[in-house]
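The values are calculated or read from the model by the stated rules, or taken from the named source; none is laboratory data. Remember, predicted model here, so these are calculated numbers, not experimental data. Note: ideal-geometry Cβ built from the backbone for every residue, glycine included; neighbour counts use all protein chains shown.
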Amino acid sequence: MTRRNEPKPSDSRELLASVSDASADTEYFSPIPAGYRKGKARYVIVMGTVMSGLGKGIFSSCLAKLLQDKGLKVAPIKLEGYLNIDSGTLNPFRHGEVFVLDDGMECDMDLGTYERMLDQDLSRANFATSGQIYSDVLHKERHGGYLGRDVQMIPHVTGEVKLRLRRLAMETDADVVFVEIGGTVGDLENAFYIEAMRELAYEEGPHSCCFVALTYILEPRTLGEQKSKAAQLGLKQLMQLGVQPDIIACRCEHPVSEQARQKVSVYGNVPLERVFSMHDSPSIYMIPAMLREGGLDFEVIRLLRIEDRIDLRVERQEWGRWCDFTDRIGKETREVTIGITGKYTSVRDSYASILNALEHAGIALQAKIRPKWIETTHVS
């Protein structure tokens, strides 16, 4: 005997059959959140080749600063390859300080660079790890989010990455989302991020994404010249993953020579005018001027076709304020020694926020700050 509201066995079989039939035609997963307007936001993806520690966060934040000064809304996000859910348990000796956001998220120190450079308060939406991505995918699978499909790296894991980027673009109403991929091209742990970016550029359409490859130009002292072979091989590896860089930024101790830029241009398949020297600077706050002088900001704007969104009047005002700040760098009239106590003093990045705060204070007061490190590991 069948109860009044209980479906008949035949109805149940038809329902299961319809689900089975439909599952053959779709993955039951869309990486596009409800309400997302394709074409509203653009994406600048920054990746590093040759080695880690090139300064991707500094480069990305400086470029974002230049676009922000033109009246554009920018939103940064850092994608980390490690399986930790956050950075709270990482050893400062290996990864530097843990930067804590307003909402309590413990994240990479690069988020501090973005906050200082852009004068923005960031949140957990601006930081993701492989651990977070996999955790979210597995949670959805356990709760039927994929409706019986076999969960795979493509489209589900890469789709979760794209979903986060698009949600960030919607929540911040950003004109440009800056995506920094941690680690180095070729690392297993960040390979799915690069694949996700390739898919994102394909799905968003032409002029939606700008790929920036940060590479390193070697300067062996025994040779007395710059060598670009490592950079060439790193760029080749990136292109083998299906990503053609639009812009190449060359890290180096000294300005990159024309000969090295030409070789990088040819092997990277990038016009020479889009191969930039990002050599060492006395202060990271002088890097925006270096990039602006080379015309990098307008190259990005032209690639993304957002010339109609910039406000040159706003840029003149904001750039004037920035120059007033940077003009004070190196104009110290006195010297102040400040002691810093801690148990990780052998790695300066462990106290990056303190050092930056002291630097800001020193610039404002035209005083040269000399930190004196006091190791407290064995102090009872």
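List the pairs whose first member sits in the stretch 252-275 and is more than 13 Å from K236 (Cα to Cα), whose second member is β-branched (V, I, T), and whose Cβ atoms are under 7 Å apart, counting only residues at least 6 apart or on separate chains?
C252/I217; V256/I217; A260/I217; R261/V275; R274/I247; R274/I248; V275/I248; V275/V264
Anything in the stretch 232-254 that is closer than 17 Å to D187 by Cβ and among the small types (G, A, S)? List them, or say none.
Hits for the stretch 232-254 are G234, G242.
Just wondering, is there one or more residues in the stretch 348-365 that are at pLDDT below 90, in contact with a Ser or Thr (Cβ under 6 Å, 6 or more places away or on another chain) and of a type outside the set (S, T, Y)?
No, there is no match, as no residue in the stretch 348-365 is at pLDDT below 90, in contact with a Ser or Thr (Cβ under 6 Å, 6 or more places away or on another chain) and of a type outside the set (S, T, Y).
Condition first: touching a helix residue (DSSP H, G or I) at 6+ places or on another chain (Cβ under 8 Å), in the same structural domain as C250 (by TED's automatic domain parsing) and loosely packed, with under 15 Cβ neighbours inside 10 Å. Can you find one or more residues in the stretch 345-368 that meet it?
No, the stretch 345-368 contains no residue that is touching a helix residue (DSSP H, G or I) at 6+ places or on another chain (Cβ under 8 Å), in the same structural domain as C250 (by TED's automatic domain parsing) and loosely packed, with under 15 Cβ neighbours inside 10 Å.
With L163, L200 as the choices, which residue is of a type in the set (A, V, I, L, M, F, W, C), under 19 Å from the mean Cα position of the chain (by Cα), at pLDDT 95 or above and farther than 26 Å from L54 by Cβ?
The match here is L163.
Evaluate the following for R221: is it farther than 30 Å from S30 by Cβ, part of a loop (DSSP other than H, G, I, E, B) and of a type in the set (K, R)?
Taking the combined requirement at face value, the residue satisfies it.
Being in contact with a helix residue (DSSP H, G or I) (Cβ under 8 Å, 6 or more places away or on another chain) and hydrophobic (A, V, I, L, M, F, W, C) is the requirement here; does I284 meet it?
yes
In this structure, does L101 turn out to be over 25 Å from V185 (Cα atoms) and crowded, with 21+ Cβ neighbours inside 10 Å?
Here the answer is no, as L101 does not meet what is asked.
Quick check on my filter: what residues within the stretch 177-198 are in contact with a helix residue (DSSP H, G or I) (Cβ under 7 Å, 6 or more places away or on another chain) and either assigned to a strand (DSSP E or B) or surrounded by fewer than 18 Cβ atoms within 10 Å (Cβ to Cβ) (or both)?
Within the stretch 177-198, V177, F178, V179, E180, I181, G186, E189 meet the criteria.
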